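Please read the structure below before turning to the comments.
Read-outs: derived from the displayed coordinates by stated rules, not from any lab. Just so it is clear, the model here is predicted, and its values are computed rather than measured. Backbone-built Cβ (ideal geometry, glycine too); neighbour counts: all protein chains shown.
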Amino acid sequence: MKNKILELNHITKYIFNVSTGKPIRGTEIKILDDVHFDLYEGEVHALLGENGAGKSTLMKIIGGIIPYDEGSMTLNGKEVQFHNSREARARGIAFVHQELNLCTNIDVAHNFYLANEPTGKLGLMKEKEMYRKSAEAIRALGFELDTHTKLGKLSTAQQQIVEISKALSFDSKIIIMDEPTASLTRKEIDMLFSLIHDLKNRGISIIYISHRLDEIQQIGDRMTVMRDGCYIGTMERVNYSDEQAVNMMAGRITKNIFEKEHVPGEETVLEAKGLKIGEATEPLDFTVKRGEVVGLCGLVGAGRTELARTIYGERPDAGGEVWYEEALYQKRSPGLSIKKGIIYLSEDRKIDGLITAADVSENLVLSALHKLFPKGIIDRKRQKQEVQRLIEEFNIKCMDGGQIVSTLSGGNQQKVSLGKCFAVEPKVLILDEPTRGIDVNTKFEIYHLIDQAAKNGLSVLVISSEMAELIGMSDRIYIMRGGTITGMVSEKEEMTQENLVAKIIGV
Ligand SMILES: Nc1ncnc2c1ncn2[C@@H]1O[C@H](COP(=O)(O)OP(=O)(O)OP(=O)(O)O)[C@@H](O)[C@H]1O
Ligand SMILES: [Mg+2]
């Protein structure tokens, strides 16, 4: 008989429409409505749902970050309502957040003990102990990290490891992982999965949120599906199929296939000639034609993002030329690129994508104001229409354009980033991991939008670690390794996952 350690019943959570000012009775909306969830000892319980379904909100309730308004939560058979995350942590609940919760300008050890530093008699921090113990905790997971390194110097995956080891150091019984793999590579995902297996064997329970159905298939023991703040159902792995899960999430039969309508033109829009992205790397060449979608694949560290940033003008090159619309494009800078019609969607929306303290409307038109109002006079009505169009086109789930971006779900923030790029009506769009954190159905809507834009003459250079996505969208795919381009595939028969993986690792 399996031991049920956590149970939530009839959980309801209200929020007030903040854009109407003060909380006024009657303006509240339910973001969770009569939700059920339970968790057994030593299981991996996956939580599925479209962007904005309420997954992170439910987890924040379990983790003590926000309170629930109605219903009950029992931990080991006793009713609990946490007032803060400290209380939840003291009861063995750890949270690895969707948006990582660490300080990048301090070192690993201090992050490990953030606001929980061990102190001696005079209240002095026991620094030595902090470095030693955090290093031990990380080593216990099979990783080696220098605990004196500033967190910002580590890869997202390594930061993830710090969060997880930190979570474990509190003697946690339940670990919540909210999209832990969104920025991990295949190899790192495998490491995380073997870690999850170990944890399970030690009787620790894991709540696992992901939009990658193959992962759920691989490690989930049970899955619960949510939709629009409601509980839809729970199934065992044996009864699980991707198709059924997607239908439960969307509430309708969906067909998710790549359909390409655009046909690339003949004219070259963007070209690199002997471009060097670093002093020690080989020069590279590539072209993007009008109305063409060109993929860029490679391992992490292969130089894909560096290449994108070099073209865009966010980092200097080490030689070579970039040509744009048949003219040499010198003295490149992001500002000039935007003016010329080249837009780059960064892989990290938090750093250089969005102003999260501003609302959806402001973010969406931020870069497009010149385009919309060339005379410099802002027409609010016109702006509102444009924002409404983008909200609908990109399926952004928000109360209205006045909702502050930081209160949107992770996937919906990503959609705002994408909408913002399209609003400018660029000629060249460079997309770095465009669908990170976006749910399965919306992804296909986005592929469709990109396809339609290409049909209208947009040229796209896309970086993605999701091979199926890259193959499905692209007309051609360049392969990068060691900071340069090592190959290209353009024939349909060559564009297979196996072939690309072989080329990426260089077999
Ligand atoms: N403070 C808030 N103010 C307004 N709306 C909020 C607030 N907190 C959450 N919401 C809304 O609640 C809904 C659920 O959000 P939540 O983050 O739980 O979704 P999610 O299932 O985690 O989605 P994703 O897959 O995109 O991460 C969203 O529509 C979000 O905008
Ligand atoms: Mg979320």
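Some points to look at:
- Where only C-alpha atoms are counted, convex hull volume of region 354-425 per residue in Å³: 74
- Between region 362-425 and region 214-248, the Cα center-to-center distance that results, in Å: 32
- Mean-position separation - Cα centroids, region 27-104 and region 445-485, in angstrom: 37
- Estimated FRET transfer efficiency (residue 143, residue 38; beta-carbon r; R0 35 Å; 0.05): 0.65
- For 223, 495, order by how many other beta-carbon atoms lie within 10 Å, fewest first: 495, 223
- Sequence-distant aspartates and glutamates (8 or more away, or on other chains) whose Cα lies within less than 13 Å of residue 4: 38, 41, 43
- In whole percents, the pair-distance distribution calculated for region 232-299 from its alpha-carbon pairs, binned every 10 Å from zero, is 15, 24, 18, 19, 19, 6.
- Convex hull of Cα atoms in region 188-236, direction-averaged projection (nm²): 3.9
- In region 354-425, a dipole from Cβ-located charges (positive for Lys and Arg, negative for Asp and Glu) runs towards its positive end, and of 357, 378, 368 it is 378 whose Cα lies farthest in that direction.
- Amide hydrogen proximity for residue 126: with H placed 1.01 Å from N in the peptide plane, the residues at 5 or more positions away or on another chain lying under 5 Å are 119, 120.
- Partner aspartates and glutamates for residue 492 [C-alpha distance under 13 Å; skip if fewer than 8 residues away on the same chain]: 475
- Fully extending the segment from residue 256 to residue 497 would add 84.9 nm, taking 0.36 nm per residue of separation and subtracting the current Cα-Cα distance.
- Distance from region 132-189 to region 254-332 (C-alpha centre basis), Å: 34
- Potential lengthening between residue 282 and residue 356 on full extension [0.36 nm per residue; Cα-Cα distance subtracted]: 22.8 nm
- Residue 377 versus residue 4: modelled label distance in nm, points set 7 Å from Cα along the beta carbon direction: 6.6
- If the chain linking residue 128 and residue 239 were pulled fully straight, counting 0.36 nm for each residue of separation and taking away their Cα-Cα distance, it would gain 34.9 nm.
- Per-residue ellipticity at 222 nm computed for the chain from its helices equals -9500 deg cm²/dmol, with DSSP H segments shorter than 4 residues left out and the rest contributing -39,500 (n - 2.57).
- The trypsin sites (Lys or Arg not before Pro) found in region 245-282 that occupy coil by DSSP, while having at most 13 further C-beta atoms within 10 Å, are 252, 255.
- Aspartates and glutamates with Cα under 18 Å of residue 397, excluding same-chain neighbours fewer than 8 positions away: 28, 33, 50, 228, 359, 362, 386, 439, 445
- Gyration tensor verdict on region 67-204 (Cα atoms; rounded if a/c is under 1.5, prolate if a/b is larger than b/c, oblate otherwise): oblate
- Order by protection proxy (mean Cβ within 10 Å, highest first), peptides 335-344, 134-143, 147-156, 300-309: 300-309, 335-344, 134-143, 147-156
- Dimensions in Å of the chain - Rg and Dmax from alpha carbons: 23.9, 75
- For region 162-203, the C-alpha radius of gyration sits at 1.16 times the compact-globule guess of 2.2 N^0.38 Å, with N the residue count.
- Set of region 422-451 residues, backbone N closer than 18 Å to the point 7 Å along the Cα-Cβ line of residue 186: 433
- Taking one quarter of the surface of the C-alpha convex hull of region 93-172 gives a mean projected area of 5.3 nm².
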